[in-house]
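Working notes for the structure below.
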Amino acid sequence: MKIKGLRWWIITLICLATVINYIDRTAFGVMWPEMGKDLGMDESDYAVMLNVFMITYALGKFLSGKLYDIIGTRLGFTVSIVVWSVASILHAFARGLFSLTLFRALLGLGEAGNWPGAVKSNGEWFPVKQRAIAQGIFNAGASLGSVIAPILIAFLYGHFGWRTTFIIIGAIGLLWVIPWLFINKTTPESHPWITDKERSLIMNSQIEKEACDSKKGKGLSVAKILSYKESWGVLASRFFIEPIWWLFVGWMPLYLNSKFEFSIEEIGSTIWISYLGGMAGSILGGWYSGKLMEKKSVDAARKITITIGCSLIFVGLLGIIFLVTEKNPMTFIYIVSIVLFGFQFAIGNIQTISSDLLKGPSVGTLAGLAGSVAAISVIIMNSLIPMIASVSYTPAFIVIAILAPMAVISIFMLIKKIEPVEKEIIN
């Protein structure tokens, strides 16, 4: 049996895993106003659990990056989604700060694997000119999950309560493993269902050949990877840009509840609009950079797309700072959709740079390191938000507005040209 376009089936499953990933993590924020009351917790406890999640998320990004390099994306994704799905189910049995924090930590450890796994899988299954659109499809899963989650969680919460809701969404993740193991049997080089035409397309260039053949050499050590200043460009850009997304993912439900007095149902019926913008940005950012590559270099296409995305973030945040008042909550929702559009327009190309710079055995390690560094910046933000929010969220919006151009500057300064840095090894 041969399947045309097998690589698109693979990225669709990864996109679906990302949808589930975001449903599982978003459920906590959406249901927190009622969970917090039931468990006797406040916003400072919420911030603690967000940071515990991000600490294990940061650790999980690095560990899972190494794990994927060792056992491959097929088994790596299986381990990740089983861990985070079980953790989601365990939320239903939380009785207080300690148990809930423990389950959040386990969720972060498992969910972290989704990102380095996707970057590595795209390096294996897609030629370089299609990697950004593949990454865009994957990142669209994050936005689509954020679109679906508030509506789904509000519905499930209204019918079953928050404990049963966590059990249901955790079970969905475990069911995903079945089609994943069935379809993704092995790498494209030896997959029995891939057509000769598709295999040739993937393996055609020397870069793709190296990326798909982990047996041709060991992955680089962390020290060697960090010896390239280009790697630091990836790390710095992720450090600066990541808090922008997480400010809205982690704190927007609480912001809407405290500033506009939105209920869980009102939160669920509105914030999906903002994430719809993010989903559109994911797809269009990948498509746009791919179109640019038809006439321009990979370096130019990536940098132009990232610059456009970060410019939209900056303009959108200025709109939030100067235009939003307590009387116009929907203006906030619409402007956030522009910010998230810009973020996703840029982030897919930033994440893909790891596979542009390094070959297969090292891609997961750099992607994991970048994810860990990104998580550290989010932890810093989460630690400051409770103090800032007690007065106003405006200072937080000002800070992340500054971070967007910093992400662009770090790429232009540290990555002179986006191209393979291991020339002496590849050649």
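The values are calculated or read from the model by the stated rules, or taken from the named source; none is laboratory data. In this text, all values refer to a predicted model and were calculated from it rather than measured experimentally. Here Cβ is always computed from backbone atoms with ideal geometry, including for glycine, and neighbour counts include all displayed protein chains. We work out accessible area using only protein heavy atoms, side chains counted, and drop any ligands, DNA or RNA first. Shrake-Rupley method; radii C 1.70, N 1.55, O 1.52, S 1.80 Å.
Points to keep in mind about this one:
- Computed 3J(HN,Hα) for the range 277-288, one whole-Hz value per residue from the Karplus formula 6.51 cos²θ - 1.76 cosθ + 1.60 where θ = phi - 60°, is x, x, 4, 4, x, 4, 5, 5, x, x, 5, 5, glycine and proline marked x.
- Per residue, the solvent-accessible area of the range 1-128 (1.4 Å probe, heavy atoms of protein chains only, all protein chains present) comes to 33 Å².
- Legend: calculated FRET efficiency, residue 82 to residue 160, from the Cβ-Cβ distance at R0 = 25 Å, rounded to 0.05, equals 0.60.
- In Hz, Karplus ³J(HN,Hα) per residue of the range 369-381 (6.51, -1.76, 1.60; θ = phi - 60°; x = Gly, Pro): 4, 4, x, 5, 5, 4, 5, 4, 5, 5, 4, 4, 4
- Table column - 3J(HN,Hα) (Hz), the range 230-246, Karplus curve with 6.51, -1.76, 1.60, x for Gly and Pro: 4, 4, 5, x, 5, 5, 5, 5, 5, 4, 6, 8, 4, x, 4, 5, 6
- Each Lys or Arg adds one and each Asp or Glu takes one away; over the other residues whose Cβ falls under 10 Å from the Cβ of residue 351, this sums to +2.
- Entries in 4/291; 259/291; 229/296; 296/359; 4/416 that, when Cα-Cα distance is taken, lie over 31 Å: 259/291; 4/416
- Hits among aspartates and glutamates - C-alpha to C-alpha of residue 129 under 18 Å, sequence gap 8 or more where chains match: 198, 208, 210, 294, 299, 356, 419
- Space enclosed by the convex hull of the alpha-carbon atoms of the range 130-174, per residue, Å³: 61
- Pairs of C-alpha atoms in the range 26-124 farther apart than 24 Å represent 27 percent of all such pairs.
- With the convex hull of its Cα atoms as the shape, the chain has an orientation-averaged projected area of 18.8 nm².
- Computed Kirkwood radius, in angstrom, where 1/r is averaged over Cα pairs of the range 57-100: 11.7
- The chain: angle of helix 114-125 to the longest principal axis, Cα-based, in degrees nearest 10: 20
- Within the accessible area of the range 39-161 (1.4 Å probe), percent carbon and sulfur: 77
- Distance (nanometres) between label positions extended 7 Å along Cα→Cβ at residue 390 and residue 323: 3.3
- Annotation: peptides 309-316, 344-351, ranked by per-residue average of other Cβ atoms within 10 Å with the highest first, follow the order 344-351, 309-316.
- Between the range 246-295 and the range 63-115, the alpha-carbon center distance in angstrom: 24
- Assigned charges on the beta-carbon of Lys, Arg, Asp, Glu; the range 296-414 dipole about Cα centre (debye): 180
- Taking every alpha-carbon pair within the range 154-194, the share separated by more than 13 Å comes to 63 percent.
- Between the beta carbons of residue 196 and residue 229, assuming R0 = 51 Å, the FRET efficiency works out to 0.80 to the nearest 0.05.
- Charge dipole (Cα centre; +1 on Lys/Arg Cβ, -1 on Asp/Glu Cβ; no other charges) of the range 1-146 amounts to roughly 860 debye.
- With the simple model of a label 7 Å out from the Cα in the direction of the Cβ, residue 398 to residue 1 spans 6.0 nm.
- Only DSSP H runs of four or more residues enter the estimate; each adds -39500 (n - 2.57), and after division by the residues of the chain the mean residue ellipticity at 222 nm equals -28500 deg cm²/dmol.
- Here is the tail figure for the range 332-422: Cα pairs spaced more than 23 Å apart come to 37 percent of all pairs.
- Separation of the range 1-41 and the range 321-387, taken as the distance between their Cα centroids, equals 17 angstrom.
- Residues whose amide H falls under 5 Å from that of residue 293, counting only those 5 or more places apart or on a different chain, are absent, with hydrogens built in the peptide plane.
- The spread of Cα positions in the range 79-163, taken along each principal axis and listed from longest to shortest, comes to 49, 26, 16 Å.
- Helix 329-357 and the long axis of the chain differ in direction by around 30°, with both axes built from C-alpha atoms.
- Magnitude of the charge dipole for the chain, about its Cα centre and with charges confined to Cβ atoms of Lys, Arg (+1) and Asp, Glu (-1), is about 1320 debye.
- Scattering curve values for the range 31-75, log₁₀ I(q)/I(0), Debye with Cα scatterers, q = 0.17 Å⁻¹: -0.61
- Across the options 241, 370, 109, the greatest Cα extent toward the positive end of the charge dipole of the chain (unit charges at beta carbon of Lys, Arg, Asp, Glu) belongs to 370.
- Net charge of the neighbourhood of residue 24, taken over other residues with C-beta under 12 Å away and scored Lys/Arg +1, Asp/Glu -1, is +1.
- Residue-span extension gain [residue 99 to residue 151] - 0.36 nm each, minus C-alpha spacing: 16.0 nm
- When peptides 299-306, 15-22, 108-115, 329-336 are sorted by average Cβ neighbour count within 10 Å, with the highest value leading, the order is 108-115, 15-22, 299-306, 329-336.
- Relative contact order (%) - criterion: Cα under 8 Å, at least six apart; region: the range 271-416: 34
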